[in-house]
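Okay, so here's the structure we're looking at.
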Amino acid sequence: NAFADAVKKPIKDYYTCVSKLQNQNVKAYVDQNIQVFVNDVVLSADNSIAESEEAFVELLNNNTLLTETKVELIEKNDCVISDTAKIKLAEIKLADGNEKLADIRNLLFKHKKISPTWSNVFENFKFNGNKLDACLVDYLNDKQIVVELVKEKPLTEEELKNESGSYSIASSFYDVISVSNVLSIDSFLKLMSVCPWHYDKMERYDIGSKEMDVLIGQKKITLTSENYLGIKQNHTDLLSKYITVWYDDFVNNWSELKLAVTFDDMKLLLESDDLNKDQKYQLLSRDFNVWQGINQKEHLVWIGKKIIELNFSGQLKAPIAVVIRNLDNEEDLVKIIALQGRYLKETEIKNVINNKMSDAYKSCIENNGKKRELENNPSNLLFIGILKEKGIISSFKEDDDK
C-alpha cells in the first residue's frame, strides 16, 4: 500500500531527483537535453513544482535554457532563493535567437521568489544601476515581505560600514527611497523607520504629502534653512508639524540656523493645533526678527486679537503700544490692556483710554475725586487692576455687580 501511494503521489521535483542520483551519467544526459527535459517533464504538469533551491538555481543559471522557459520555472516553482547573487549575470538566448542581458534576477523579485534580506535588496538595486526597478518596487510593496525585511536586523551606519560595499549602496538606496513616490505609504513608512540617515538637505521637496509627513514624523529631515524653506514652499500645511518636531531647536537656534521666519510663518504656527499654548507663548515672547518688523495694520490687529485669544500676559517682543493703537474694538482694548498693560507707560494707557474708549472708561481717569462705576466682570477687574498698578487711579473696590 505504501508503494502504491508513492506511485500515485505526483512528482514535483524531477530535476532535483535527477541531481541526487548516484549515477551522474543520467544527469549528464538530462543536461545535454535540458530544454526538452524541462519542457516535457519538469513543466509538464499544470500545477506548481517544488524543485530545491540548489536545483532551481542551476536551472536558472543554465545558458542553454531559453528565457521563456526560465520565466515559467520562476512562475511555477514554490522555492524561494536565499541569495540573489547565486543567479549569474550572463548573455542568454531568446526564442527568436537574439542575445540580451538576463533580467532573471528582476523576475525573481517580481514573483517574490527571493528571500527578504537587505543584501538581496541592495544587490538588486545595484544590479539595476542604483535605481528602483519596477520589479523591486512590486517586491517592496508586498506587506509581508517588507515586514520581514525591516525586522531582519537593524540598519546602523556602523554595521553597514563593516559590510564590504554595503554602505555606499545602502546610502544610495535610501537617497532614492526618501524622494520616491512609487512605494505604498505603508512600505515607505516601514522602510524609512530603519533608515540610519538624517537629511540636512533633500534632493527635492516636491514629493507626496504623505511621504513628507512620514519623513517629518520620523525626524529624518533635520532643522536646517534648506529644509525649512523646502517644506514651506512645497508643504506649507506640514510646516507647523515640522517645527513641533524640532521645537526646542527652532526657538533657541533659529538665528544661528539662519531660518527665514516670516510673519505668515508665525501666523501659521500660532493658529496651528500642532503647538500647545505654552509653545505659542514662547513664540510670542522670543526675540524673532519678524516681531520687530510688524508695521501693517492688518498684522498688528491680528497679533492683538491673538494675544487676547491666547490670554497671553507675557512680554511681547513686538511693540505692544503700536499693536494696541491699531485696535478699535473697546472690548478688545479692555482685554489687551488687562493682559499687557504692565508693559505700557502710564501716558500710553491714558492716550488709549482718552482717544479710543467710551466715556465710561474715560471718566475713571479724570482724577476729580468722583466715584465711577463699571460692570464687574473679569476683564474690567483686570483692567482696573492695571490702572491702579500704574498709579492712574488710587483705589477701587468690588460691590456686587459693580
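Name the residue farthest towards the positive end of the dipole of the chain from the options 85, 35, 74, assuming +1 on Cβ of Lys and Arg, -1 on Cβ of Asp and Glu, about the Cα centre.
Farthest towards the positive pole: 85.
Would you compute, from DSSP H runs of 4+ residues alone, the mean residue ellipticity of the chain at 222 nm, taking -39500 (n - 2.57) per run and dividing by the full residue count, rounded to the nearest 500?
Numbers: 26 runs with 219 residues, N = 402.
Helix-only estimate at 222 nm: -15000 deg cm²/dmol.
Would you mind checking the pairs 153/219; 190/241; 70/190; 88/110; 131/190 and listing those with alpha carbons more than 28 angstrom apart? Write out the running numbers ahead of the final one.
Numbers: 153/219 21 Å; 190/241 20 Å; 70/190 32 Å; 88/110 17 Å; 131/190 19 Å.
The pairs that break the limit, which is 28 Å between Cα atoms, are 70/190.
How much of residue 359 can a 1.4 Å solvent probe reach, expressed as accessible area in Å² and rounded to 10?
Accessible surface of residue 359 is approximately 110 Å².
Given an 8 Å cut-off on Cα distances and at least 6 residues of separation, report the relative contact order of the chain as a percent.
7
Can you figure out the FRET efficiency of residue 67 with residue 252, using R₀ = 51 Å and their beta-carbon distance, to the nearest 0.05? Let's see the in-between values first.
On the way: r = 61 Å, r/R0 = 1.20.
With a Förster radius of 51 Å, E is 0.25.
Determine the order of 78, 265, 13 by accessible area, beginning with the largest, at a probe radius of 1.4 Å.
Numbers: 78 95, 265 10, 13 45 Å².
Correct descending sequence by accessible area is 78, 13, 265.
Roughly how tilted is helix 297-310, in degrees to the nearest 10 and between 0 and 90, from the longest Cα axis of the chain?
The answer is roughly 80 degrees.
Considering only protein heavy atoms, with the full assembly of protein chains and a 1.4 angstrom probe, order 69, 262 by accessible area, largest first. Mind showing how you got there, number by number?
Values: 69 10, 262 55 Å².
The residues order as 262, 69, largest area first.
On a full-extension model of 0.36 nm per residue, what is the gain between residue 167 and residue 141, subtracting their alpha-carbon distance, rounded to one decimal in nm?
On the way: separation 26, 0.36 × 26 = 9.36 nm, distance 2.32 nm.
Net length gain for the segment: 7.0 nm.
So how much accessible area does residue 135 have, in Å² to the nearest 10, using a 1.4 Å probe?
20
Could you order 41, 290 by accessible surface area, starting with the largest, using a probe radius of 1.4 Å?
Numbers: 41 45, 290 20 Å².
Ranking 41, 290 by accessible area, largest first, yields 41, 290.
Put a dot 7 Å past each Cα toward the Cβ at residue 371 and residue 401; how far apart are the dots in nm?
Between residue 401 and residue 371, the simple spin-label model gives 1.8 nm.
With every protein chain kept in place and ligands, DNA and RNA left out, what is the accessible area per residue of the chain? Probe 1.4 Å, answer in Å².
Working: 21060 Å² over 402 residues.
With the other protein chains kept in place, the chain gives 52 Å² per residue.
Given the C-alpha atoms of the chain, compute the convex hull and give its volume per residue in Å³. Before the final figure, lay out the partial values.
Working: hull volume 92.0 nm³, N = 402.
Per residue, the Cα convex hull of the chain comes to 229 Å³.
When the accessible area of the chain is computed with all protein chains present and a 1.4 Å probe, what percentage of it is carbon and sulfur? Write down the numbers at each step before the final one.
Details: 9800 of 21060 Å².
Reported share for carbon and sulfur atoms: 47 percent.
The values are calculated or read from the model by the stated rules, or taken from the named source; none is laboratory data. A quick note: this is a predicted structure, and the numbers were derived from the prediction, not measured. Cβ: placed from backbone, ideal geometry, glycine included. Neighbour counts: every protein chain shown. Quick note on the areas: whole protein, heavy atoms, side chains included, nothing else; ligands and nucleic acids left out. Shrake-Rupley method; radii C 1.70, N 1.55, O 1.52, S 1.80 Å.
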